[in-house]
Structures are given as structure tokens and as C-alpha cells.
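The values are calculated or read from the model by the stated rules, or taken from the named source; none is laboratory data. Here the structure is a predicted model, which means the values were calculated and not measured. Quick reminder, even Gly has a Cβ in these numbers, built from the backbone with ideal geometry, and neighbours come from all protein chains shown.
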Amino acid sequence: MRTGLLGGTFDPPHTGHLILAEHARVELELDSVLFVPNSISPFKTTRRISSADIRAEMVQLAVSDNPRFGTELFEVSQQGISYTIDTLRYLTAKHPTDEFILLMGADTFADFPHWKEPDEVVSRAQVAVGVRPGCTHDFSSHKYKNDAIFLHTPLIDISSSNIRHRVRQGKSIQYLVPWAVKIFVESTGLYKG
């Protein structure tokens, strides 16, 4: 079983996340993609984020209409700061015969050498980096460039921070997030305050 893993804060999950996951699923011939919402990102400890339970619920809503997508809530259940290596140790112990492909964008890959135990991460999972048109990152001297597959992905300029900003301004987020996430955000008043 080839399983893609797409981790993140997902505050909220948006169409760009889904497009990256589906593009990778097709291009890398993955059996499924698991979205892995974190509890607290080690790179976002000072930013106010929605609770892990709320973000996990939005991720489940976002992927509910695709039978090849699922969620893995290990990091949410652990609470505290989430590290990918801990999740990979858990998943490789639980599914020892599965092959895991860690999906990330170019910005995330640029920071990858600063992750906790990146050498063990690449020993437990193949890294696949989505590179959008116009990407300015030069990975020629990146320590882990030979451990990564680079995928050319569609240019979708959507960010969770922009979506939160639009909600605070009372602007539409239609088509920026899946319909179920839009309804959830509107019905709960999330991001208004």
C-alpha cells in the first residue's frame, strides 16, 4: 500500500491542499492520501490557532467526498507540539508493510533541514515536494535534494491566512474551501473574532 501523508495546521483546510493531494495521488500512483492535522506546529508556537479538535473536524469535512482521502488524527490525540518523526514512527509500527510518501510544498521543504530528526524522516518515508510554476527556491544545494521527488503542481494561490482574513472582513470564501468547510466556518462563526 502506497500512502501519501499531507500534514499541516489546516486552519482552515482549503482547495489548494486538496489539489496538491490529488495531483500527488495521481502522479505518484498512491493508493490513498491521509491528511494529518497537527496539534501544535513547532514553527507556529506563537501564533493563535483554532483548537486541534476544530481543525481536525474541518479536515474530515474537507476530505469526506473523496474515497481515496482520509485523516490520521495521531498528532491531535497526542496534544502538545507535533513532530512528523513521531507520526512516522507510529504509522510505520502500525503498518509495517506500507510505503509512506510525505507530501509537502516547496516552502516547507526549504525548512526541512530544521525539522526534528530529518535523517530518520527520510529513512521512514519518501519525500515528495510540490513545486508550483514561478517557484523561486533553488534546491541545488539543499541537503536532502537527493531524497526528494519533485512534482510540478498547478499554481493555486490560496492560503489559510488569507481565508481567515477574508472571513474577518466579511468577504466570500466560496470555492476557496470545500463546501462543507465553508458551511462549518459560517455556522460556527469561526475566524470572525
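Screening 88, 103, 151 for residues that are over 24 Å from residue 73 (Cβ atoms), in contact (Cβ under 8 Å) with a residue 12 or more places away in the chain and outside any loop (DSSP other than H, G, I, E, B) leaves exactly one candidate, 151. When residue 143 is tested against (1) in contact with a helix residue (DSSP H, G or I) (Cβ under 7 Å, 6 or more places away or on another chain); (2) in contact (Cβ under 8 Å) with a residue 40 or more places away in the chain, exactly one condition is not met: (2). Please determine, by comparing only the residues of segment 129-161 that are modelled with pLDDT of 95 or more and among the basic types (Lys, Arg), which one is nearest to the chain's Cα centre (by Cα). Filtering segment 129-161 for residues that are modelled with pLDDT of 95 or more and among the basic types (Lys, Arg), the one nearest to the chain's Cα centre (by Cα) comes out as 145.
Pairs are defined by a Cβ separation below 7 Å, a sequence spacing of at least 6 or placement on different chains, a first member in segment 31-58 that is in a helix (DSSP H, G or I), and a second member that is of a type in the set (D, E, K, R) and at pLDDT 95 or above; the pairs so defined are 55/11.
If I filter segment 105-128 for residues that are at pLDDT 95 or above, over 18 Å from the mean Cα position of the chain (by Cα) and surrounded by 16 or more Cβ atoms within 10 Å (Cβ to Cβ), do I get at least one hit? For segment 105-128, residues at pLDDT 95 or above, over 18 Å from the mean Cα position of the chain (by Cα) and surrounded by 16 or more Cβ atoms within 10 Å (Cβ to Cβ): absent.
Filtering segment 167-181 to residues that are within 17 Å of residue 66 (Cα to Cα), of a type outside the set (Val, Ile, Thr) and part of a helix (DSSP H, G or I) leaves 179, 180.
Checking each residue in segment 9-47 for being among the β-branched types (Val, Ile, Thr), surrounded by 16 or more Cβ atoms within 10 Å (Cβ to Cβ) and under 24 Å from residue 113 (Cβ atoms) picks out 9, 36, 40. Return yes or no: is residue 3 touching a helix residue (DSSP H, G or I) at 6+ places or on another chain (Cβ under 9 Å) and surrounded by fewer than 21 Cβ atoms within 10 Å (Cβ to Cβ)? Yes. Residue 130 meets each of the listed conditions (1) assigned to a helix (DSSP H, G or I); (2) closer than 22 Å to residue 72 by Cβ; (3) touching a Leu at 6+ places or on another chain (Cβ under 6 Å); (4) of a type outside the set (Asp, Glu) apart from (1).
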